[in-house]
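Below: the structure, in structure tokens.
Each value in this text was obtained by applying a stated rule to the coordinates, not by laboratory testing. This structure is a prediction, so every number in the text was calculated from the model and none was measured. Glycine gets a Cβ as well: all are built from the backbone with ideal geometry, and neighbour counts include every protein chain shown.
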Amino acid sequence: MRRFWTLFWHRLIYKSFNSHAAFISRCLGIPQNKKSVFSRVFKNCIVFLLSGIMHGAVSWMFGTPCAWKASLRYWLLQPVAFVLEGMVQFLWGKLRRSDYFRKSFSWVRPEMMSAFERTVGYIWVITWLLWEAPKRSFAIRHCKSV
């Protein structure tokens, strides 16, 4: 998910939202250490909160004012995907470095393992988006305008 948002969304408006998130986190006294997991996750949450507000405002302007909740939920769940993904990557990395893994899977060529990991990554992104995106789209599509 991080790679998807990094390669696609970064190119749109991420930098301005990230600047605002950094400013907010500095105002709240959160250290700006790039290696701090909490700082990164917090700033990502702020960035996606701003995105949810922006998307909710656009929906409101296009006549669906009750879409705020769906937009905010959708955009605020994206950092949850980052955290889940990071935990799985951390655990997978520990497993891959273990003696058990090296002995049990010594027959697997590095390019095969790389292809497997890339495939699992793509399946993860598609699965996440197929699970989460309809919740927002359905709620917005069936939103009763006031």
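Listing for the model above:
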read-out	value
Rh (Kirkwood; distinct C-alpha pairs) - region 2-141, Å	17.3
Computed over the chain: relative contact order in percent, which uses C-alpha pairs under 8 Å that are six or more apart	27
Helical contribution to [θ] at 222 nm, DSSP H n ≥ 4, -39,500 (n - 2.57), averaged over the chain, rounded to 500	-26500 deg cm²/dmol
Ranking of Y74, Y122 by count of other Cβ atoms within 10 Å, fewest first	Y122, Y74
Förster-model FRET efficiency, 25 Å R0, L12 and F38, C-beta, rounded to 0.05	0.45
Order of L76, L49, L91 - criterion: other Cβ atoms within 10 Å of each residue's Cβ, fewest first	L91, L76, L49
Residue with peak Gaussian network fluctuation, the chain [Cα springs, cutoff 10 Å], from S106, S16, S25	S106
Loop-resident sites, region 1-70, for trypsin sites (Lys or Arg not before Pro), counting at most 11 other Cβ within 10 Å (DSSP)	K34, K35
Computed magnitude of the charge dipole of the chain (debye, nearest 20; Cβ of K, R +1, Cβ of D, E -1)	220
At least 27 Å along the helix axis (C-alpha) and Kyte average at least -0.5, DSSP helices within the chain	37-61, 68-97, 110-141
